Every structure is written in C-alpha cells, then in structure tokens.
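Here, each number is a calculation from the coordinates, and none is a lab measurement. For clarity, every value in this text was computed on a predicted model and none was experimentally measured. Virtual Cβ from ideal backbone geometry, glycine too; neighbours counted across all protein chains shown.
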Amino acid sequence: ELRHLFFLLLHISLILEDIASLPVIYVHNFYLCQFMGWLRFYSGLSNVLVLFFYTYHYLSYLTYETYADQINDFIWKYSLYIVVLFPLITLLPFSTNSFDDSQGFICTLPLTRSGNAWALGIFYFIIVILLNIILLEMIRASYQFYKLKLSIYNRFFYSCSVYIYISILCWLPRVYPRLVRAFISYDVSNTFVASITLPLYVSGILYTIVY
C-alpha cells in the first residue's frame, strides 16, 4: 500500500538527515564532511517530496474524486523515481567545491553569498514552495471536512494532517536563518544556526509517536 511506503520513505529520509546533521562529529574530516553536507540536503529534499506525494495521495479520493485514479496512477508510477532522483540536484554545489565545515558545528553549505545562492537555489526555495502548496491543500481540505462532518474532520486530522503539520512546524526554524542571512542581515550566530538541527530530532520522535 502506498501509504505504508510513504511512511517508510519518510522515516528513512529523516533518519539519514538526522545522521548527516550531527554536530561536530564530521567537521574534522574534509571528505566525510563534504559527503555529510550533501547527504543532509539530499535527504531533506527527499523528505519534503515524500510529504508532498503523501499529501496528494491521501487527499486524492477525498477532495479530488474526479481525478483520483489519474493522480494515484501517476504517484504509483513516478513518485519513487522523483523522490530518489530529483534531489540529486544537490550534487551541483560539488562543481564549485562548496560543501565544507565553515560553520564549525555541522557540515553544510557555508553562510556566504555563494553558499546561500546554492542553498536557496537547489534546496530552500524548492522546500518553501512545496511546503506552501502542502499547507494550502491541508487548509482547504480541513475546511471542507469541518463543514461536512466533525467526525470526518477528526479522522482526517489524526490520520494524515498531523504528520504534515509536524513536518511544517519543524521545517520553519530550519529555513529561517538561511533566509535571514540571504535577504536581511548576516548577524545570525553560528551557534543559533547549529541549534536549528534540533527540530530534526523532535520531528523524528513525534513521527514515531504518531505512527
């Protein structure tokens, strides 16, 4: 069943990102740090793509009845390829040797203009777009179900949207420092940047509890 496959992929991508985001451990080995920096972005983008397809799979028979079969047929045929292959765009920063340990805490793209350009172009802009689409779909579906019947809304919330809202809430603090440094000010401490890895582990714990 697709739902169980998405749950499995969601947990695997999160575990890989948790491992890659461990502070300090990898920063003293240049090549390992580059690999972990890439794995952090790759698994993070995979995670949100899984969430995106899971949302449309779950909502298809509830809010897109006319196109449900077409939507699920597309998801069944192509979602796994997209989740695995599309995040390979995160390999592009290797062309400029951009993954490094400049933060001193975690292996990531540096908080410089070039590092921000890569991070925003191949990761954060895509993440923000996908999360906004997911959030708008969830708000629309929640409103429809709430108007129809409260019991249907409660079943929908606990079986689907709680996963998605957890993910969105845990992603917000991770996107904030990068966007602030890119568009507002560079006055964001590296300690604060390192602390944004905490939502990764919080979401992992919550996923397990909910599941």
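Of note:
- Computed from backbone phi, the HN-Hα couplings of the stretch 37-42 come to x, 5, 4, 4, 6, 4 Hz, rounded to whole numbers (Karplus: 6.51 cos²θ - 1.76 cosθ + 1.60, θ = phi - 60°; Gly and Pro given as x).
- Other-chain or far-sequence residues with amide H under 5 Å of ILE106's (modelled H): VAL24
- Taking each residue as 0.36 nm, the span from VAL162 to GLN144 lengthens on full extension beyond its C-alpha to C-alpha distance by 4.8 nm.
- For the stretch 25-147, the spread of Cα positions along each principal axis, largest first, Å: 54, 29, 24
- Two-site FRET efficiency, TYR67 against SER95, from Cβ-Cβ distance with R₀ of 41 Å, rounded to 0.05: 0.55
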